[in-house]
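First the structure, in the form of structure tokens, and then the observations on it.
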Amino acid sequence: MHYKLTDEIIKISESSIWNSAKNEWNFEYAYQSEDLQTCLCGHYPIKNICVIENTINKNTTEVGNCCVNKFLGIKDGNKIFVSIKRLKMDPEKSMSPEVLDYLFRKKVITDFENKFYSDTISKRKMSSKQMEIRKRINKKLINFTSYDANASLSRINLVLNWGESNEAFDKTFINSLKKSCERNGKLSNKQSKALENIIKKWGIED
Ligand SMILES: [Zn+2]
């Protein structure tokens, strides 16, 4: 097999053999881009993007959802994009249980929200109060998979990865930014400024 995508992935993997290199990668995030992007395979335009992470060297990269499926056999992104599409058409519907679990694992939703949602996931008739809660949780998925959230999260992860090898650096504040970004789908202007100041002050490079 000789495709551009496999070559690109091998370059940033530990193994130089595709069949083992591909197993080094895990699904991290999915998001919908606002501007059209080019996939690692060269395909343009793509909008549904998956961020994957190498479990050995911690490299991350972005791949179009189609390629994640086809080459890496990672299906998480697909389920997320199907739910996003459904909820954008009708915010009173439910996301799939796998997507709910994804939000819970990423700490985007609380224990209560997770339990409430799974208990009512297939309910069509709900009280208006219940429906408000479902819609609020649905909004969290939309926010979390937005372009803004992803742009901020990748800046935050840049600092956190750098912080791994700099023990003098206190990660408390950055971790609180991450939490807030995951909950709100974006950082406030003030938070973004603070984050960029840290990157500048410590000379953290991409
Ligand atoms: Zn592709």
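Ignoring lysines fewer than eight residues from Lys11 along the same chain, the ones with Cα atoms less than 19 angstrom from its Cα are Lys22, Lys58, Lys70.
How large a share of the accessible area of the chain, in percent, is made up of carbon and sulfur atoms when the probe is 1.4 Å and the other protein chains stay in place?
Numbers: 5920 of 11890 Å².
Answer for the chain is 50 percent, counting heavy atoms of protein chains only.
What is the chain by shape, rounded, prolate or oblate, if you read a ≥ b ≥ c off the alpha carbon gyration tensor as root eigenvalues and call it rounded for a/c under 1.5, prolate for a/b larger than b/c, and oblate otherwise? In terms of gyration-tensor shape, oblate.
So, by mean Cβ neighbours within 10 angstrom, what's the order for 57-66, 131-140 with the highest one leading?
Working: 57-66: 17.7, 131-140: 16.2.
By packing density, highest mean first, the sequence is 57-66, 131-140.
Taking 7 Å steps out from each Cα toward its Cβ at Arg124 and Lys47 produces label points 2.9 nm apart. Label zone of Lys70 (point 7 Å out along Cα→Cβ, amide N under 15 Å): in the range 10-46 this covers 38-46.
The range 138-174 and the range 66-108 have their alpha-carbon centroids 20 Å apart. The helix-only estimate of mean residue ellipticity at 222 nm for the chain, built from DSSP H runs of length n ≥ 4 each weighted as -39500 (n - 2.57), is -17000 deg cm²/dmol after division by the residue total.
Between Lys115 and Asp170, the simple label model (points 7 Å from Cα in the Cβ direction) yields a spacing of 3.5 nm.
The values are calculated or read from the model by the stated rules, or taken from the named source; none is laboratory data. Given the structure is predicted, the values throughout are model-derived calculations rather than measurements. Positions of Cβ are generated from backbone atoms using ideal geometry, with glycine treated the same way; all protein chains shown enter the neighbour counts. In case anyone asks, the SASA skips ligands and DNA or RNA and just uses the protein heavy atoms, side chains included. Shrake-Rupley method; radii C 1.70, N 1.55, O 1.52, S 1.80 Å.
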